[in-house]
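Readers should treat all values here as calculations from the given coordinates under stated rules, not as data from a laboratory. For clarity, every value in this text was computed on a predicted model and none was experimentally measured. With ideal geometry, Cβ positions are generated from the backbone for all residues, glycine too; neighbour counts draw on all protein chains shown.
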Amino acid sequence: MAKALKADVLYTGKKDGVFEDVYIVWDGNKFTKVTKDKPKEVEEIIEFDHAVVTPAFIDAHSHIGMARAGEPSDEEEANERLDSVLPVVDALYSIYMDDKSFRESIEWGVLYSCVLPGSGNIIGGRAVFIRNFGADIEEAFVKYAGVKAALGFNPRKTTEWKGTRPYTRMGAVGILRKWLIKARDALKLIEEGKKTPEEIEPEIRMLFPVVKGEETLRVHAHKIDDIAGLIMLRREFKLKTTIEHASDVHTKEAFEKIKREDIPVVYGPVDAFAYKTELKHEYWRNVKLLIEVRPFFGLMTDHPVILQRNHYLQLRFFRRFGMDKSECISLITYNNAKILGVDELLGTIEPGKFASFIVWNGDPFSLESYPILVIGEGRELHRE
């Protein structure tokens with residue numbers, strides 16, 4: 001039987017998507033309607049004194065379940081040190097769902113994560129989109145969400161790890177270009193009938209969707225020049241890419257270039273400590289430039305860099321610089337869902353999408369407010 005909840009205020013997840021005094025109806029794991037009229041033929045109508053509803057939050061870039069709360073740092077599994085190019089590595093298999101951070105995330109409405117390999121490798125492996133409330137990795141799995149790559153300082157600080165390692169940024173780009181060329185050339189041989197797929201090594205075959213522009217290359221890049229280098233590689237190989245971080249971008253012109261190139265940005269984390277040179281221009285006031293230009297972007301935590309439970313707290317900077325509340329909410333709901341390719345399932349409260357949402361006891365932008373009910377795909381996950 002269907003259930004309903006009375007929302008005094010509803011943020012749908014879309015820009016300008018704010019409604020008052022509506023009922024949200026779901027049946028099983030999907031929303032069926034949002035209506036002004038009190039629904040009939042429902043099993044239950046949930047009501048609170050004052051309920052503000054938002055979609056469940058999505059973290060578009062994290063290492064939750066890999067770097068685990070309460071465990072020694074030498075047990076974290078974000079980076080595989082076997083080689084610098086690892087297309088067959090899959091982040092799903094280094095996630096433990098008993099990481100207690102998942103429980104804390106659920107309590108604060110962050111129900112979905114894109115978990116990526118770290119940025120110590122030039123190609124770190126596949127990113128995976130998961131439910132934070134899955135009992136195990138099989139139940140948590142929703143879909144794959146691209147291949148992780150890294151430019152800048154991080155892949156050149158790992159020279160003591162195994163395999164071919166770059167000492168410079170030009171070395172890192174050279175290795176990445178080599179593998180992209182190998183994949184492109186191998187694909188051409190297959191298309192010309194000169195080789196069969198089985199004759200190509202698995203590492204190269206895994207890059208075929210990347211060089212065909214079918215799978216997103218999720219590229220760690222903080223600094224303006226590394227982003228410019230990515231843009232040139234993107235043009236050369238006709239890649240589908242995102243920019244992951246962009247935290248050191250400190251000029252309006254750089255954000256305008258990103259917007260012209262139509263590259264989505266998974267921005268942040270905003271509240272992180274600038275612990276290395278490639279973050280020397282990182283500054284929370286850069287958010288003002290980002291808002292003025294508005295390339296298409298969502299927000300990350302980079303958990304554990306920022307604890308995922310604090311994901312929505314980063315929105316205070318966007319409010320400070322004039323972004324309205326509904327658009328702020330969209331940064332960690334609809335926008336992230338769109339970038340990750342799950343917007344047909346999640347990101348907004350509308351019929352046909354997963355019934356995953358948060359009920360707040362007041363304005364989410366007030367320090368006094370907190371989630372009093374969290375529903376994930378129709379199931380009650382947390383009640384305060």
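Summary table below
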| read-out | value |
| --- | --- |
| Extension reserve of the residue 96-residue 367 stretch, reckoned as 0.36 nm per residue once the Cα distance is removed | 94.4 nm |
| Set of lysines near residue 33 by C-alpha distance (under 25 Å), chain-local residues within fewer than 8 positions excluded | 3, 6, 14, 15, 325, 338, 353 |
| Span per principal axis, largest first, for the Cα atoms of region 57-342 (Å) | 58, 45, 35 |
| Under 14 Å, Cβ to Cβ, from residue 7 - net charge with Lys/Arg +1 and Asp/Glu -1 | -3 |
| Net lengthening on full extension, residue 199/residue 19 (0.36 nm per residue, minus Cα-Cα) | 59.1 nm |
| Dipole in debye (nearest 20) - region 94-218, about Cα centre, beta carbon charges: Lys, Arg +1; Asp, Glu -1 | 780 |
| Cα-centre dipole for region 136-196 with unit charges at Cβ (Lys and Arg positive, Asp and Glu negative), debye to 20 | 540 |
| Residue exposure sequence - 366, 119 - by fewest surrounding Cβ within 10 Å | 366, 119 |
| Unit charges at the beta carbon, dipole of region 248-384: most positive-side option, 367, 283, 267 | 283 |
| Within-12-Å neighbourhood charge of residue 278 [Cβ basis; K, R +1; D, E -1] | +2 |
| Dipole magnitude (debye, nearest 20) for region 57-342, charges at Cβ of Lys, Arg, Asp, Glu | 1140 |
| On Cα atoms only, tilt of 224-237 relative to the major axis of the chain in degrees | 70 |
| Relative packing of 328-337, 175-184, which averages over residues the other C-beta atoms within 10 Å, highest first | 328-337, 175-184 |
| Stretch gain in nm, segment residue 225-residue 276, where the contour uses 0.36 nm per residue and the Cα spacing is subtracted | 16.8 nm |
| Highest-first arrangement of 288-299, 135-146, where packing means the average Cβ count within 10 Å | 288-299, 135-146 |
| Region 48-92 and region 188-258: distance between their alpha carbon centers, rounded to Å | 22 |
| Over 27 Å (Cα to Cα) - which of 252/276; 212/280; 259/280 fall in this group | 212/280 |
| FRET efficiency estimate (nearest 0.05) - Cβ-Cβ, residue 135 to residue 88, R0 25 angstrom | 0.45 |
| Surrounding net charge for residue 359, when Lys and Arg each add one and Asp and Glu each subtract one, Cβ distance under 11 Å | -2 |
| Relative contact order of the chain, defined on C-alpha pairs under 8 angstrom at six or more residues apart (%) | 21 |
| Relative exposure of 59, 185, 49, judged by other C-beta atoms within 10 Å (fewest first) | 49, 185, 59 |
| Taking 281, 311 and counting other C-beta atoms within 10 Å, the order from fewest to most | 281, 311 |
| Gyration tensor over alpha-carbon atoms, region 258-384, equivalent ellipsoid semi-axes in Å | 26, 18, 14 |
| Helix-derived mean residue ellipticity, 222 nm - over the chain, DSSP H n ≥ 4, -39500 (n - 2.57), to 500 | -7000 deg cm²/dmol |
| Under 5 Å, built H, 5+ apart or other chain: amide partners of residue 301 | 60, 61 |
